[in-house]
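The values are calculated or read from the model by the stated rules, or taken from the named source; none is laboratory data. Since this is a predicted model, take the numbers as computed values, not measurements. Cβ atoms come from the backbone with ideal geometry, glycine included; neighbour counts cover every protein chain shown. Each accessible area value is taken on the protein alone, full model and side chains, heavy atoms only, with ligands, DNA and RNA left out. Shrake-Rupley method; radii C 1.70, N 1.55, O 1.52, S 1.80 Å.
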Amino acid sequence: MEYAYTSLRSLMFQRNIKRKRISSYDKSGGNKDFIQIKAGESKVLADIEGPGAIVHIWMTFRSNEKHFLRLGILRMWWDEEENPSVEVPIGDFFGGGHCKTENFVSLPIQMSPENGKGFNLWFPMPFKKRAVISIENQNFSQDLIVYFYIDYELWPEFPENTLYFHSQWRREIAKGKSEEDIVKEIISGPESAFGISSGFIMNDVFQFGGENRTGESNYVILEAEGKGHYVGCFLFIHNRREVDLFNWYGEGDDMIFIDGEKWPPSLHGTGTEDYFNMAWCPTQKYSAPYHGLILPGENNWKGYITLYRFHIEDPIYFEKSIKVTIEKGHNNNRYDDYSSTAFWYQTEPHLPFPKILDPILRIPFSD
């Protein structure tokens, strides 16, 4: 079987495929078109026999728990695997990091009105024998209401060389330098990169202090083993510094290590906004098919930032392993709150994911 690619030009060709759907519609014929998951419980949304592929997911949620978008966990398993290939908080999977939603449009993922609460994803998710999707409600006390469509195809056979979809979430509250450490460096430090005394520009220490020649302390977006390709991420940053000085959270170079290579990796970037295809410390919301800035932060870049980059036209291939990282500010000098959702395709079995953080360690810092 040759996979039937979907594009405007390909719609005229006949396909031997069946379209199916599982949804939360009210089986009684009424209008209670949702499922209800009690705190501490899990529910299977879909259990599908293959071969085939999930081609679209729409979801929306409701709960009286403030941080339910971080406390609900979405999981997916393919072909009887023991460890899930998808394990992500329900909000972060669709770009709603920090438990905040915002209208935005990209090619594979969108948050739609009202106020970004309509979650959509079009990454194809193939399976040969079986696909299982569940949501666990780890709210502290409140129920989670879930409305959903899961649209899928059934194929006559499973194409050779088909890779499996994966997604994982990570979080690191960067330790970085304290304000006291910065003051000490300013008092005793050399001239800044621009020849101006760092006593005049405190933030020079964040932007230019030290050299990173290993990447060992970088924030890790993804670490995987097998053969496949990385297709993008959401990066969520909470800029926690409360200062009036220049408080740009960026300058962190992206470093992507392929098949165990050492520093410098074959894919080494020049700064946070550069990897996300923007420039000059952006402050404007922006969404494009493959990159964007959903939340730009408040004045002086403080508060919540959400960026995305999808490698649809330029997947990053690996034969044995991949480690996708980015500095937490130049030389990992910043101490912001970092979290991320990574997306990739690979052969099975995959490397088991790090244990997802306990609920109390997943919720954002106070708004």
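The one condition from (1) over 14 Å from Arg130 (Cβ atoms); (2) surrounded by 13 or more Cβ atoms within 10 Å (Cβ to Cβ); (3) in contact (Cβ under 8 Å) with a residue 12 or more places away in the chain that Trp78 does not meet is (1).
Collect the residues in the range 8-38 that are under 28 Å from Phe140 (Cβ atoms) and assigned to a loop (DSSP other than H, G, I, E, B), keeping them in residue-number order.
Ser24, Lys32, Asp33, Phe34, Lys38, listed by residue number.
Out of Gly260, Gly210, Gly199, Gly252, report the one residue that is in a loop (DSSP other than H, G, I, E, B), modelled with pLDDT of 95 or more, open to solvent by 10 Å² or more (accessible area, probe 1.4 Å) and among the small types (Gly, Ala, Ser).
Numbers: Gly210 fails: modelled with pLDDT of 95 or more; Gly199 fails: modelled with pLDDT of 95 or more; Gly252 fails: open to solvent by 10 Å² or more (accessible area, probe 1.4 Å).
Only one candidate passes the filter, namely Gly260.
Restricting the first member to the range 110-129 and to residues that are farther than 20 Å from Phe343 by Cβ, and the second to residues that are polar (S, T, N, Q), the beta-carbon pairs closer than 7 Å and six or more apart or on different chains are Pro113/Asn103; Asn115/Thr101; Asn115/Asn103; Lys117/Thr60; Lys117/Thr101.
Consider Tyr338 carefully, then state whether it is at pLDDT 95 or above and either open to solvent by less than 10 Å² (accessible area, probe 1.4 Å) or within 16 Å of the chain's Cα centre (by Cα) (or both). Write out each step before concluding.
Numbers: at pLDDT 95 or above: yes; either open to solvent by less than 10 Å² (accessible area, probe 1.4 Å) or within 16 Å of the chain's Cα centre (by Cα) (or both): yes.
Criteria met by Tyr338.
Of the residues making up the range 25-37, not a single one is within 30 Å of Thr347 (Cα to Cα) and either modelled with pLDDT of 95 or more or in contact with a strand residue (DSSP E or B) (Cβ under 9 Å, 6 or more places away or on another chain) (or both).
The residues of the range 52-75 that are touching a Phe, Trp or Tyr at 6+ places or on another chain (Cβ under 8 Å) and farther than 12 Å from Leu144 by Cβ, listed by number, are Gly52, Ala53, Ile54, Val55, His56, Ile57, Trp58. State whether one or more residues within the range 38-51 are crowded, with 18+ Cβ neighbours inside 10 Å, touching a helix residue (DSSP H, G or I) at 6+ places or on another chain (Cβ under 6 Å) and either modelled with pLDDT of 95 or more or not hydrophobic (A, V, I, L, M, F, W, C) (or both). No, every residue in the range 38-51 fails to be crowded, with 18+ Cβ neighbours inside 10 Å, touching a helix residue (DSSP H, G or I) at 6+ places or on another chain (Cβ under 6 Å) and either modelled with pLDDT of 95 or more or not hydrophobic (A, V, I, L, M, F, W, C) (or both).
Applying the selection to the range 7-28, what residues are more than 16 Å from Pro159 (Cα to Cα) and open to solvent by 70 Å² or more (accessible area, probe 1.4 Å)?
Initial filter on the range 7-28 (more than 16 Å from Pro159 (Cα to Cα)): 7-14, 19-28.
Those that are more than 16 Å from Pro159 (Cα to Cα) and open to solvent by 70 Å² or more (accessible area, probe 1.4 Å): Leu8, Arg9, Leu11, Met12, Phe13, Gln14, Arg19, Lys20, Arg21, Tyr25, Lys27, Ser28.
With respect to Ile322, is the statement that it is at pLDDT 95 or above, of a type outside the set (S, T, N, Q) and crowded, with 22+ Cβ neighbours inside 10 Å true? Here the answer is yes, as Ile322 does meet what is asked.
Please note which strands (runs of 3 or more DSSP E) are completely contained in the range 116-195 and include at least 1 residues that are touching a strand residue (DSSP E or B) at 6+ places or on another chain (Cβ under 6 Å), at pLDDT below 95 and open to solvent by less than 40 Å² (accessible area, probe 1.4 Å). Working first, answer last.
Values: elements: 118-121, 125-127, 130-137, 144-154, 164-173.
Correct list: empty, since no element meets the threshold.
For the range 113-145, a tally of residues being closer than 25 Å to Gly50 by Cα and either touching a helix residue (DSSP H, G or I) at 6+ places or on another chain (Cβ under 6 Å) or among the aliphatic types (A, V, I, L, M) (or both) returns 6. Of all residues in the range 217-238, those satisfying the criterion of being open to solvent by 40 Å² or more (accessible area, probe 1.4 Å) and either within 15 Å of Tyr164 (Cα to Cα) or without any contact (Cβ under 8 Å) to a residue 40 or more places away in the chain (or both) are Glu225, Lys227, His229.
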